[in-house]
1. Before we move on, is ASN200 farther than 17 Å from THR351 by Cβ, at pLDDT 85 or above and either among the charged types (D, E, K, R) or open to solvent by 10 Å² or more (accessible area, probe 1.4 Å) (or both)?
2. Hey, any hits in the stretch 87-100 for a residue that's within 19 Å of GLY442 (Cα to Cα) and open to solvent by 50 Å² or more (accessible area, probe 1.4 Å)?
3. Quickly run through the stretch 508-521 and pick out the residues that are open to solvent by 20 Å² or more (accessible area, probe 1.4 Å), at pLDDT below 95 and among the small types (Gly, Ala, Ser).
4. Out of all the residues in the stretch 140-170, which are within 9 Å of the ligand (Cβ to nearest atom) and free of Cβ contacts under 8 Å to residues at least 60 places away in the same chain?
5. I'd like the full set of residues that are farther than 18 Å from GLY442 by Cα and not small (Gly, Ala, Ser), limited to the stretch 101-116.
6. Would you pick out the residues in the stretch 470-507 that are more than 16 Å from the ligand (Cβ to nearest atom), of a type in the set (A, V, I, L, M) and open to solvent by 20 Å² or more (accessible area, probe 1.4 Å)?
7. Suppose the filter is farther than 17 Å from ARG108 by Cα, more than 16 Å from the ligand (Cβ to nearest atom) and touching a residue at least 40 places away in the same chain (Cβ under 8 Å); does ASP427 pass it?
8. Among the residues that make up the stretch 525-542, is at least one of them away from the ligand (no atom under 16 Å from the Cβ), crowded, with 22+ Cβ neighbours inside 10 Å, in a loop (DSSP other than H, G, I, E, B) and of a type in the set (A, V, I, L, M, F, W, C)?
Amino acid sequence: MFNLLHQLELKLNGNFSSLLQHSSLKLVLLAIFLILLFRWLFNFINSATPTNRSPPSPPKLPVIGNLHQLGLHVHRSLQSLAQQHGPLMLLHFGSVPVLVVSSAEAAREIMKTHDGTFTDRPKFTFFKKVLYNCKDILSAPYGEYWRQIKSICVLNLLSNKRVRSFRAVREEESKSMINNIQQFCSISSSPSSSSLSVLNLSEMFLTLTSDIVCRVALGRKYSDRGQGGRIFKELSVELSELMSRLNIGDYIPWLAWFSHVNGLDAKLDDLAKRFDDFLEMVVQEHMDCSKSTLQGHGHVHTNEDDQRDFVDVLLWLQKENADVIAYPIDAVSIKAIILDMFAAGTDTIYTAIEWVMSELLRHPRVMKKLQNEVRGIAGNKTEITEDDLVGMHYLKAVIKETLRLHPPAPLLVPRVSTQDVKINDYDIKANTQVIVNAWAIGRDPKSYNNPDVFEPERFLNSAIDYKGDNFQYIPFGAGRRGCPGIQFALAVKEIALANLVHRFDWALPEGVRGEDLDMSESTGASVHRKYPLKAIAIPYSC
Ligand code: HEM
């Protein structure tokens, strides 16, 4: 989401120069510039005699505020600014005040002590255009509607019981990924093949994750069946890309026209339309199916039925609860909630598995220790099932340590204050946007020894967990707006990783040594590897 902050400079430069060739436009822009300059001078003079105590701020420029101080990797830029200005720092992105939180203590203040004040989300153009005008859980404004759909999500879609009920889906899809790798190894080791072939693991993890989320949310896969499959893959990739682009009008409202000129608005509208058509088709399929069930042609679903996918559950709730809840769930809410599962679930899980395997390939000692644990527990079994995972403490520590170093959403999801509030003696005004730098907090030397070193042992016998009570460790956020998908995400990661390290030994292509593996990050709100992870699998026989 934040990479536009950088793209803005580049794109504005390129497009402005051609536009400025029109002299009337030059005059209009000059007039706008002068108005803004006067406004800025006026504000500057007023703020020179502050009546309140704001958090420290680096100096800002007119119009763009502190945007020029953000590099391609915003979490890294904000960490270095915080090292100079402190763990609570007030920036301005354009005209929007943004409070940046960079320590566990400050995060506790925001997400626990004053959680009730920081429960709203900014009204980003992406949320309005693609997430059904904020009718989903992630972007819905704090209030009764959000409370209702969040509790549906926590109790009916992502409860521990419901997550357990999808065990077969996870086991089958992990098995299918392992079989594909096995097949790939057989082909590459056949006499006709000249060398061991290199697997694109990033692509495999993306397929695994989106197939699991699809089956759980929509009832079937959309990755391998004719046109529906093609449409779905295209949409998922675009969703992730456009979610990562920031709309400059969100921060400098008078530049909103720029998103018309550079085509971003049109792309968002187009994506929203195509996603809506796809989800409409899926919901219709479910409704047709339940009609034929009522006519006696199929299996009747009940509330206790563990086999229902998310669309089934939401349609059932729509019917059952129509008269008892404040905001009856309409068709738009159903589509928005389902879209959230993809927007918030797929990219994050796939990214997390990608980083775990990257760290294991970089650290052969940890890989070996993990394989010993997994193979010791699996014994002669070829496939790991979820029953085997219970005793795999090192596996869980490896996953935890990777999420510390590489939280898929390093800046969580921004929030907004709903009223004026005092934090650590600083006055924070209502409507201040809040960014919590979970990435910087996870690497704070005050909380961790050797914070940049990958050392899963630090989480063995440690009481730190994911629930959001340990503010030095918040990859899933915390408080009322915390992530409801933790159990779902961990269940997928654990079964996939255990099977990957059990069934294969792993090496990097072309004899690259672990420590030389390129760990560059992509730009954007969810940070994955810049380059796909490629590796060689060597089948292991138990
Ligand atoms: C490794 C995987 C995941 C990570 C790292 C992750 C991370 C996050 C983060 C950081 C937030 C914002 C929390 C905050 O503001 O305090 C969030 C919110 C959310 N996540 Fe996740 N998530 C993951 C998986 C999932 C999955 C699998 C689902 C659903 C299937 C999901 C659904 C949501 C929803 C609906 C929200 C919005 C909650 C709200 O605004 O009330 N997430 N997630």
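1. No, not satisfied.
2. yes
3. Passing the criteria: only GLY511.
4. ALA140, TRP146
5. In the first step, residues of the stretch 101-116 are kept if they are farther than 18 Å from GLY442 by Cα; the result is 113-116.
Matches in the stretch 101-116: THR113, HIS114, ASP115.
6. Result: ALA507, single match.
7. Numbers: farther than 17 Å from ARG108 by Cα: no; more than 16 Å from the ligand (Cβ to nearest atom): yes; touching a residue at least 40 places away in the same chain (Cβ under 8 Å): yes.
Criteria not met by ASP427.
8. Yes, the stretch 525-542 contains at least one residue that is away from the ligand (no atom under 16 Å from the Cβ), crowded, with 22+ Cβ neighbours inside 10 Å, in a loop (DSSP other than H, G, I, E, B) and of a type in the set (A, V, I, L, M, F, W, C).
The values are calculated or read from the model by the stated rules, or taken from the named source; none is laboratory data. Computed from a prediction, not measured in an experiment: that's the story for all the values here. All Cβ positions, glycine included, derive from the backbone under ideal geometry; neighbour counts span all protein chains shown. Remember, those area values only see protein heavy atoms, side chains included, never the ligands or the DNA or RNA. Shrake-Rupley method; radii C 1.70, N 1.55, O 1.52, S 1.80 Å.
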